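Asks: After the structure tokens below, expect a handful of questions from me.
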Amino acid sequence: SIFLLGACNFPKPGQSNPGLTVEPDASAQDFTSSECAYMWARKSLPDLSKDFEEALKEIQPQADGYAEAYGENCMDNQGNVVNFLAMETDFYVTLEVKNLEDKQVLGELIEKALAAVAKFPVEDTPGPQPGYVGITFKAPENELRLWFTQTAAEAALENELHGEELFNALQTK
């Protein structure tokens, strides 16, 4: 029996997709993609995460970060993952700050974090489309989290937004 749990986003013909694939087990050798049930999933990207975190260390020695692919698992009728189809790569950043109210400084840090993300263009990461960026600013007694699309960030930078203006533009995306 075939069942469908979500929409699949295959790359367009001729479009490369350095997506992640889980090797099928022996029982799945005759399995075709038409027999998949798709479930949203995330995959860690340890090598990319290591390189991304190194890029963040140039901003701040205590910075943390990682990258994850977001997409769909192809599940067989026994519930086993046959493969993973990446749609995008999302980047996560944690930076330390002294004051969450200083939007100028936060915006400057966002711009530096986006420069680190830009070192890993969409065509070189899993999935055919731009993903999201999550930034957590940690202050001594609180934290602030932003979540926005890479597309929104690129548009803000193209509109020459910096500092507080950049922060304000991306805080609502």
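Asks: Helices (runs of 4 or more DSSP H) wholly in the stretch 58-173 with at least 1 residues that are open to solvent by less than 60 Å² (accessible area, probe 1.4 Å), within 29 Å of Trp40 (Cβ to Cβ) and free of Cβ contacts under 8 Å to residues at least 12 places away in the same chain - which ones? Walk me through how you get there before you give the answer.
Replies: Details: elements: 103-118, 150-158, 163-171.
Qualifying helices (runs of 4 or more DSSP H): 150-158.
Residue by residue, here is whether (1) more than 19 Å from Glu58 (Cα to Cα); (2) among the charged types (D, E, K, R) holds:
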residue: Asp102; (1), (2): yes, yes
residue: Pro121; (1), (2): no, no
residue: Glu158; (1), (2): yes, yes
residue: Phe167; (1), (2): yes, no
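The values are calculated or read from the model by the stated rules, or taken from the named source; none is laboratory data. Since the structure is predicted, the reported quantities are computational estimates derived from the model, not experimental observations. A quick note on method: Cβ atoms are made from the backbone with ideal geometry, for glycine too, and the neighbour counts reach across all protein chains shown. Areas reflect the complete protein model, heavy atoms only, side chains present, ligands, DNA and RNA absent. Shrake-Rupley method; radii C 1.70, N 1.55, O 1.52, S 1.80 Å.
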